Amino acid sequence: MAETTESQANGVPAQEAPGGAPASAAPAANTAFVPGGPVLLDERYQIEPSRPVPDFDMPSAPAFHVEDRRDTGRHLLASICNPGLPPRAEVMPQLKGGHVKGIVPLVEWGPVDWPTLGERCMAVIYERPAGGRLAPNFSADGANFTELEIRGLIVEPIAATLRRLESRDLAHRSIRPNNLFFMDEARQDLVLGDAVTCPPGFDQPLIFETIERGMASQGGRGEGGASEDLYALGVSLVFLILGRNPLERLSEDALLAVKAEQGTFAALCSRERIPTPFIELLRGLTSDDALERWDLERLENWITGTRMTPVQRKPIAKSADELLFDGREHFTPRTLAHAFGQNTTEALPVVKEGRLDHWIRRSMGNGKLADLVSEAIKDIQGPDPSAPCDDDLLITKICSLLDPLGPVRYRGFAFMPDGFGPALALEILRRGEAQIPIEAVLRDIPALWFAAQRSLQLGPGVVEGSFARQRANFQSPEIGYGIERCLYELNPGLPCQSQLVIQDYVADVEDLLPALNDAANRVDGKTSPIDRHIAAFIAARMEQDTSAYLAALADSDPKTSSVGLLSILALLQWRLNTGPVFNLTSWVGGLLGPAISSYHSRTTRRALEREIPRLIRQGSLADIYDFIDNREKRRADENGFSDAVAQYEATNVEIERIESSDAARAETAETIGQQISAMSSVLITLIVITILVLVETY
Amino acid sequence: MLVVILSLPTVVLLFFAMMPAIVAFIIDRSPQKYSVYCVGGLNFCGVYPFLTDLWTGQHTVSAAVDILTDVFSLLLIYSAAGFGWMIFIAVPPLVGAILTVISQRRIAQLSRIQRTLIEEWGEDVAGHIEEPSPKPQEPQEPQETSDDQVPA
């Protein structure tokens with residue numbers, strides 16, 4: 001909270017980050033604090049909501065005092081994540097236990113019931129830096145740091161930390177002066193602060209983001225890499241050297257425009273006195289061309305004093321005359337693309353009426369780009385300029401041509417391809433729908449971005465493959481796929497958003513069954529325990545392929561879907577070794593009518609109905625599943641049913657034969673009757689004559 | 001011819017007394033001629049006592065004519081033949097009725113079996129439509145691979 005207040009006072013607009021988060025989740029700045037009892041994490045870490053530690057607040061995560069019950073002498077603090085933001089859960093395990101030296105040691109994390117919000121939130125426990133922040137106010141008194149200290153105290157440890165992060169294929173993405181701490185009271189051991197409580201780059205003020213990522217939406221800035229961290233380090237060093245923010249009076253748009261038109265280094269330092277030894281370092285780190293920007297090796301060379309070829313200044317392509325658009329004069333295609341992306345409607349006449357072509361061709365003197373733009377317009381609009389066309393696609397393509405390194409821009413939604421997941425999550429959490437991101441993926445808009453890249457830095461194969469998979473997910477209407485599947489696949493730290501378990505903050509699939517077990521007491525027993533969110537959450541978080549289970553669950557036949565429902569829950573309980581879940585078992589047991597009726601045999605069904613209550617009392621879904629869908633039992637039922645069908649058909653045939661043989665039977669009866677009468681007559685004759693002969697003889 | 005010459009009274013008696021059998025022989029067009037057996041057999045039963053009287057008494061044509069002109073004897077002979085006709089006419093419908101009863105009993109028995117099958121296996125057993133197996137393919141895995149692991 002202190003950080004927020006002070007940074008606002010310091011004129012850094014991007015510190016409004018918490019305000020950008022969902023209204024329900026703004027623990028840092030907007031929630032009136034209500035003291036509550038201690039909250040326990042893992043039966044060990046006692047977080048005390050009544051003891052905030054504002055000195056360590058993050059823009060999206062306030063800090064609170066923590067007692068370690070097993071080691072009371074330990075100094076810990078807890079950052080309480082905003083429940084409306086997906087934390088970087090995939091990064092947490094790699095930082096746990098201080099494995100990456102140079103980052104404030106992450107001790108533990110997990111969801112806790114947070115009394116001030118009345119819901120569960122992710123709490124991240126850190127060791128408390130004894131020396132406090134390096135620069136609480138986004139800057140430091142430059143007089144406090146000599147050149148040697150900046151090199152040895154700040155640059156060297158951060159470079160080493162970034163090297164360690166790079167070896168783990170991680171990026172910090174939250175390097176800024178007020179997120180640097182000293183672990184020791186002597187303020188000699190500098191570490192990077194929290195990097196996991198919000199999406200990458202989310203809390204970063206715009207000035208610390210590269211131009212292209214700064215143009216993306218706050219949640220869509222993307223994972224990035226060491227290059228983005230080095231850029232943020234360069235800007236941070238400028239702050240620390242000058243002791244202030246040199247561009248503090250500029251709005252976000254003006255800041256982006258200045259950086260794009262002058263270059264970051266020039267914008268930050270051109271009117272300032274920068275010590276000579278740092279000029280090359282800052283120019284290299286804040287270079288706007290990712291290929292020219294210093295990498296870690298060059299930074300390490302600078303630290304060791306190795307002479308290097310200075311970075312060649314490349315003039316930024318600017319137009320001779322301005323293009324007035326949306327109330328602002330534009331001199332570079334990059335700022336124009338940003339403005340077009342934000343105001344598609346106003347951009348259309350500029351593009352269609354040829355003002356853009358004229359500006360590029362005449363003022364920019366870039367005939368090649370003008371030709372590409374004309375070609376794109378022709379491709380999408382056709383030869384007739386007055387004909388209706390796909391305006392959104394047209395502006396997107398124009399933007400990608402004007403600023404190929406910029407974010408993917410579509411109908412006002414801008415994201416870096418590696419930041420699509422958090423951007424999608426924020427759209428859903430803030431607006432409750434994500435029509436534009438879905439449309440962008442379904443229309444393969446990112447492909448335009450990849451095609452327009454002059455210099456790919458993101459491992460396009462992997463990212464492009466991810467978009468292809470997400471497009472397939474979006475296109476599938478079945479349960480377990482769709483937007484929900486994308487949401488969880490692209491945001492590993494996002495808790496399940498199902499209304500059944502949202503209050504339990506189920507971020508790990510291991511916590512799902514216990515949460516559903518609790519939910520069983522709250523919800524109508526006829527409600528299915530697996531909705532679209534839960535199915536997608538399971539599919540995204542389980543290592544095992546669940547497509548067969550989902551197919552069964554999605555089946556239109558209630559018999560199959562109820563077996564699918566049971567099977568997927570039983571799989572969870574079995575795979576994750578979850579203990580008995582009595583309430584959930586009872587809940588599921590009440591929904592097994594169709595599964596039981598999937599057996600043909602009435603005797604088997606009665607036996608199942610008699611036995612299920614006993615199994616429910618054991619709380620084992622796996623046992624119920626094994627009992628309900630026993631292979632031998634199923635086969636015996638199928639065989640018995642086949643036999644019964646055959647027998648029924650045989651009886652039918654015989655009945656039909658009997659019923660259809662009336663005439664033949666009458667004929668047979670006639671013949672047999674005649675034979676019987678003939679035989680009877682002959683027999684009677686023989687008997688009578690024999691008697692008569694005997695009578696006459698004796 | 002020799003028989004006619006040697007035992008003309010017998011022939012005369014048999015010819016007139018067995019007239020119903022002869023008529024039956026003529027009118028029964030079936031190859032088996034069951035009516036001849038039926039009528040003739042009982043007709044001969046009626047004739048036989050008078051035939052033995054003829055053979056053991058005076059074996060003359062006049063004795064044969066006496067028998068044939070005796071109303072009682074003719075009544076007896078032709079009644080026997082008539083009884084034969086009656087059997088021949090009555091038995092086939094009776095057999096038909098019996099066969100019909102047997103068939104109906106069989107149908108009832110089969111219907112009972114069908115009802116039992118429907119009670120046990122449901123209506124599908126009567127109009128069975130091939131449905132996809134309600135069991136998903138994969139979900140068998142927990143019980144399949146872990147008979148000893150899944151908590152009992």
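Taken together, the values in this text are just the output of simple stated rules run on the coordinates, not laboratory data. Predicted, not measured: the structure shown is a model, and the values here were computed from it. We place every Cβ from the backbone using ideal geometry, glycine too, and count neighbours over all the protein chains shown.
Ranked by how many other Cβ atoms sit within 10 Å of their own Cβ, fewest first, the residues A:LEU426, B:LEU74, A:LEU250, B:LEU54 fall in the order B:LEU74, A:LEU250, B:LEU54, A:LEU426. Counting beta carbons within 10 Å around each of A:THR671, A:THR344, A:THR685, A:THR690 and listing the fewest first gives the order A:THR690, A:THR671, A:THR344, A:THR685. Between A:VAL107 and A:GLY97, A:ILE125, A:TYR126, A:GLU127, the built amide H atoms are under 5 Å apart, and every one of these is 5 or more places off in sequence or on another chain. Counting only lysines at least 8 places from A:LYS633 when in the same chain, those with an alpha carbon closer than 17 Å to its own are A:LYS559, B:LYS135.
Calculated FRET efficiency, A:GLU638 and A:ASP662, Cβ-Cβ r, R0 30 Å, to nearest 0.05?
On the way: r = 38 Å, r/R0 = 1.28.
With a Förster radius of 30 Å, E is 0.20.
Sorted from greatest to least, the principal axis extents spanned by the alpha carbons of the protein assembly as shown come out as 172, 75, 46 Å. You can think of it this way: the chain between A:THR671 and A:ALA130 has 183.1 nm of extra reach, that is 0.36 nm per residue less the Cα-Cα gap.
What trypsin sites (Lys or Arg not before Pro) does the stretch A:49-134 have in DSSP loop regions with at most 16 other beta carbons within 10 Å? If you can, show how the numbers build up before the last one.
Details: sites: A:ARG69, A:ARG70, A:ARG74, A:ARG88, A:LYS96, A:LYS101, A:ARG120, A:ARG133; in loops: A:ARG69, A:ARG70, A:ARG74, A:ARG88, A:LYS101.
Sites meeting the loop and neighbour criteria: A:ARG69, A:ARG70, A:ARG74, A:LYS101.
The GluC sites (Glu not before Pro) found in the stretch A:299-341 include none that occupy coil by DSSP while having at most 11 further C-beta atoms within 10 Å.
Where the centre of each part is set by its Cα atoms, how far does the stretch A:329-350 sit from the stretch A:540-563, in angstrom? Between the Cα centre of the stretch A:329-350 and that of the stretch A:540-563, the gap is 47 Å. Expressed as a fraction of 2.2 N^0.38 Å, the value expected for a compact globular protein of N residues, the C-alpha radius of gyration of the stretch A:2-304 is 0.96. Between A:ARG120 and A:TRP114, A:TYR505, the built amide H atoms are under 5 Å apart, and every one of these is 5 or more places off in sequence or on another chain. For the stretch A:184-240, the Stokes-Einstein estimate of translational diffusion at 4 °C and a viscosity of 1.567 mPa s comes to 104 µm²/s, using the Kirkwood hydrodynamic radius over alpha-carbon pairs. Extension gain, A:GLU478 to A:ALA646, is 56.8 nm, computed as 0.36 nm per intervening residue step minus the present C-alpha separation. Applied to the stretch A:399-409, the Karplus parametrisation 6.51 cos²θ - 1.76 cosθ + 1.60 on θ = phi - 60° returns per-residue 3J(HN,Hα) values of 4, 5, 6, 5, 9, x, 8, x, x, 5, 10 Hz, with x for Gly and Pro. Between amide H atoms placed 1.01 Å from N, distances below 5 Å from A:ALA414 occur with A:SER217, all of them 5 or more places distant or on a separate chain. Considering the stretch A:567-629 at the alpha-carbon level, its Rg and Dmax are found to be 11.3, 35 Å. Evaluating 6.51 cos²θ - 1.76 cosθ + 1.60 at θ = phi - 60° for every residue in the stretch A:464-476, the Karplus couplings come out as 5, x, 4, 5, 4, 5, 5, 5, 4, 5, 4, 6, 8 Hz, glycine and proline recorded as x. Extending 7 Å from Cα along the Cβ direction at A:LYS526 and again at A:GLU149 yields two label points whose distance is 7.2 nm. For the stretch A:632-646, putting each phi into the Karplus relation 6.51 cos²θ - 1.76 cosθ + 1.60 with θ = phi - 60° gives couplings of 5, 5, 5, 5, 4, 5, 5, 5, x, 5, 4, 4, 5, 4, 5 Hz, in residue order, rounded to whole numbers and with x for Gly and Pro.
Which length gain, in nm to one decimal place, applies between A:ASP557 and A:ASP184 when the Cα-Cα distance is subtracted from 0.36 nm times their residue separation? Before the final figure, lay out the partial values.
Numbers: separation 373, 0.36 × 373 = 134.28 nm, distance 6.45 nm.
Full extension of this stretch gives 127.8 nm more.
The per residue volume of the convex hull around the alpha-carbon atoms of the stretch B:2-90 is 90 Å³. So what's the angle, to the nearest 10 degrees on a 0 to 90 scale, between helix A:333-342 and the longest Cα principal axis of chain A? So the inclination is approximately 50 degrees.
Using r as the Cβ-Cβ distance of A:ASP508 and B:GLN32, and R0 as 60 Å, what FRET efficiency do you calculate, to the nearest 0.05? It would help to have the intermediate numbers written out before the result.
On the way: r = 92 Å, r/R0 = 1.53.
The formula returns an efficiency of 0.05 here.
Listed by chain and number, the lysines whose alpha-carbon sits under 21 Å from that of A:LYS368, ignoring those within fewer than 8 places in the same chain, are A:LYS314, A:LYS318, A:LYS352, A:LYS378, A:LYS397. Panel values: the stretch A:97-228, Kirkwood radius from alpha carbon pairs, Stokes-Einstein at 20 °C and 1.002 mPa s, translational diffusion coefficient 134 µm²/s. Roughly how many whole Å is it from the C-alpha centroid of the stretch B:41-62 to that of the stretch A:172-196? Each part reduced to its Cα centre gives a spacing of 143 Å.
What's log10 of I(q)/I(0) for the stretch A:48-150 at q = 0.19, 0.23, 0.24 Å⁻¹, Debye sum over Cα points only, no solvent? One equal scatterer on each Cα of the stretch A:48-150 leads to -1.03, -1.34, -1.41. Using R0 = 25 Å, the C-beta based FRET efficiency linking A:ASP379 and A:GLU346 works out to 0.65.
When the P(r) is computed for the stretch A:501-629, the part past 26 Å accounts for 15% of the Cα-Cα pairs. Listed by Cβ neighbour count within 10 Å, with the fewest neighbours leading, A:GLU43, B:GLU120 appear as A:GLU43, B:GLU120. What the Kirkwood sum gives for the stretch A:557-698 is a hydrodynamic radius of 20.5 Å, with every pair of different alpha carbons counted.
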